[in-house]
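Structure, as structure tokens:
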Amino acid sequence: MEFDGGGFYGGRLGHEPKGPCPKCKLFISSGEDKCPHCNHNLTMYDKEQVALYIKTQRAKGIKLGVIFTVLVIGLMTLALM
């Protein structure tokens, strides 16, 4: 799946990346032109903000995943000593 923020989204199957609507703050798909909840017409700036939110959330998830993996491997190594 492609989204306006660029790059391939390799998330769960069947789930599009979503970000908050700038008006009602409910989550919308990245490719939307209009919020399905409040009917707010999204400007290019709004779409960029949704894409930026998706990108930062993905980066946070990757960072936490790496930290967790390193922590688990370290604890397993200590347990084997």
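What follows draws every value from the coordinates through simple rules; no lab data is involved. Source: prediction; values computed, not measured. When we count neighbours, we look across all protein chains shown, and the Cβ atoms used for this are built from the backbone with ideal geometry, even at glycine.
Annotation: amide H of Ile28 within the under-5 Å range of Gly19, Cys21, sequence separation 5 or more or interchain, hydrogens built in the peptide plane.
Across the range 35-49, rounded Karplus estimates of 3J(HN,Hα) from the backbone phi angles (6.51 cos²θ - 1.76 cosθ + 1.60, θ = phi - 60°) give 5, x, 8, 10, 6, 6, 6, 7, 7, 4, 4, 4, 5, 5, 5 Hz, Gly and Pro being marked x.
When a/c is below 1.5 the answer is rounded, else prolate if a/b is larger than b/c, else oblate, so apply that to the range 14-80 with a ≥ b ≥ c taken from the square roots of the Cα gyration tensor eigenvalues. Prolate, because a/c is 1.5 or more and a/b exceeds b/c.
About the centre of its Cα atoms, the range 31-81 shows a dipole size close to 180 debye [charges on the beta carbon of Lys, Arg (+1) and Asp, Glu (-1) only; nearest 20 debye].
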